[in-house]
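The values are calculated or read from the model by the stated rules, or taken from the named source; none is laboratory data. Quick caveat: nothing in here was measured; it's all calculated off a predicted structure. So basically every Cβ, Gly included, is an ideal-geometry build from the backbone, and we count neighbours across all protein chains shown. Surface areas here come from the heavy atoms of the whole protein model, side chains and all, with no ligands, DNA or RNA. Shrake-Rupley method; radii C 1.70, N 1.55, O 1.52, S 1.80 Å.
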Amino acid sequence: MTAEAIWITEAEVVELMDLGEAITALEAALREEARGGAQNMTKTLLQYGKNNLHAIGGKLGNLVGTKTWTHTQGGTCPLLLLWSAEDGSLVAVIEAFALGNLRTGGISGVAADRMAQRDARVMALIGTGKQALSQVGTMLAVRAIERLHIYSPRAESRQGFAAKAREEFGVETAVCSSADEACRGAQIVTLVTRAAKPFLAASMLDKGAHVNAVGAIAPDREEFAQDVFARATLVAVDNLPGVQQLSREFATHYAARGWDEVMPLSTLIASGRRRSGADDVSLFKAMGMGISDLALGAELLKRARDRGAGRAIPQPKKQKPRLTGARAKSPV
């Protein structure tokens with residue numbers, strides 16, 4: 001590819017793709033991964049103080065790409081860069097705030113569609129931050145959720161989120177005073193927090209509950225206690241190497257005993273395995289992976305080209321660097 005690359009803005013991402021379409025694109029990419037046609041670059045993380053620099057990437061079809069961002073106390077600015085896998089030319093730069101919400105929410109939906117009870121009607125949401133609304137949307141896309149239980153440590157946060165959820169989705173909400181209360185009667189429990197210590201115990205989960213654990217994406221975070229594993233009869237992750245490297249919850253349980261019980265989501269999809277009547281708790285852990293971002297990036301690129309969206313940007317041209325300058329003084 002030697003044509004001009006394109007820059008796709010946040011507004012164009014929102015116009016070009018919704019959450020349901022993201023779920024479809026993600027599942028297709030996971031099937032491609034299972035066939036060997038897509039590869040992940042294991043997530044890289046640099047922690048400095050209370051901030052994190054992230055980089056994930058991979059290959060999908062004739063595209064390679066990486067998404068990078070730094071999560072700071074003052075904010076973040078994620079970008080997805082796509083290159084041609086054939087000649088290395090720049091293909092696209094995509095602003096990735098909404099893309100990140102669609103990817104993180106969508107992957108939970110793909111997992112829940114196979115791991116949660118088919119007749120799930122009640123969802124518990126623990127955490128009301130930036131990713132929370134898309135987590136609700138994705139469960140509504142794959143299950144007929146009628147009631148949403150909400151817990152966040154700050155009363156004003158859970159009240160405010162309940163109002164947002166009712167306005168966005170028209171779903172019945174219940175504001176809860178504890179995580180334990182939120183989990184009662186819930187067939188799906190989503191954890192999307194920045195907790196440093198586990199707050200979810202196995203005893204809080206109803207029989208047959210499905211847990212989406214998507215908040216603890218760095219080794220200094222932990223959302224659920226180790227006893228959850230004792231009840232988990234079906235365990236899947238978005239990317240096993242990323243979980244092995246960065247999930248304190250999973251490493252504590254599996255590092256010494258082996259990882260045979262943990263199934264990549266792509267393998268789960270390819271196998272046709274779904275929740276059975278014999279399953280108790282099912283557990284899905286998502287750390288974020290490059291194939292997910294590439295799946296959405298590739299689909300957004302196609303749609304942008306079809307609709308004439310995006311701003312053309314010229315291919316960078318290699319220039320000879322200046323190698324002569326101030327010379328060292330000769331020793332006297």
Practice item. Could you identify the single residue in Leu19, Leu90 that is at pLDDT 95 or above, in contact with a helix residue (DSSP H, G or I) (Cβ under 7 Å, 6 or more places away or on another chain) and either basic (Lys, Arg) or at negative phi (or both)? Key: Leu19
Check your understanding: Going through segment 66-92 one residue at a time, which ones are outside any strand (DSSP E or B) and under 26 Å from Ala3 (Cα atoms)?
Key -> Pro78, Ala85, Glu86, Asp87, Gly88, Ser89
Practice item. Out of the residues in segment 160-174 that are open to solvent by 40 Å² or more (accessible area, probe 1.4 Å) and under 25 Å from the mean Cα position of the chain (by Cα), state the one that is nearest to Lys130 (Cα to Cα). Key: Lys164
Study note, to complete from the structure: Of (1) within 21 Å of Pro241 (Cα to Cα); (2) in a loop (DSSP other than H, G, I, E, B), Lys59 fails just (2)
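Per-residue answers, yes or no, for (1) buried (at least 17 other Cβ atoms within 10 Å of the Cβ); (2) modelled with pLDDT of 95 or more:
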{"residue": "Asp220", "(1), (2)": "no, no"}
{"residue": "Asp238", "(1), (2)": "yes, yes"}
{"residue": "Gln245", "(1), (2)": "no, no"}
{"residue": "Asp280", "(1), (2)": "no, yes"}
{"residue": "Ser292", "(1), (2)": "yes, yes"}
{"residue": "Leu296", "(1), (2)": "yes, yes"}
{"residue": "Asp306", "(1), (2)": "no, yes"}
Exercise for review: Output the residue which, of all residues in segment 277-311 that are among the charged types (D, E, K, R) and within 12 Å of the chain's Cα centre (by Cα), is farthest from Ala29 (Cα to Cα).
Suggested key: Lys285
Review point. Within segment 112-133, restricting attention to residues that are open to solvent by less than 10 Å² (accessible area, probe 1.4 Å) and in contact with a helix residue (DSSP H, G or I) (Cβ under 7 Å, 6 or more places away or on another chain), which residue is nearest to His210 (Cα to Cα)?
Key: Ala112
Practice item. For Gly57, indicate whether it is open to solvent by 40 Å² or more (accessible area, probe 1.4 Å) and not acidic (Asp, Glu). Key: no
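For every residue, the table says whether it meets (1) part of a loop (DSSP other than H, G, I, E, B); (2) within 18 Å of the chain's Cα centre (by Cα); (3) farther than 22 Å from Leu79 by Cα.
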position: Ala3; (1), (2), (3): yes, no, no
position: Trp7; (1), (2), (3): no, no, no
position: Glu12; (1), (2), (3): no, no, no
position: Ile23; (1), (2), (3): no, yes, no
position: Ala28; (1), (2), (3): no, yes, yes
position: Glu33; (1), (2), (3): no, yes, yes
position: Gly36; (1), (2), (3): yes, no, yes
position: Asn40; (1), (2), (3): no, yes, no
position: Lys43; (1), (2), (3): no, yes, no
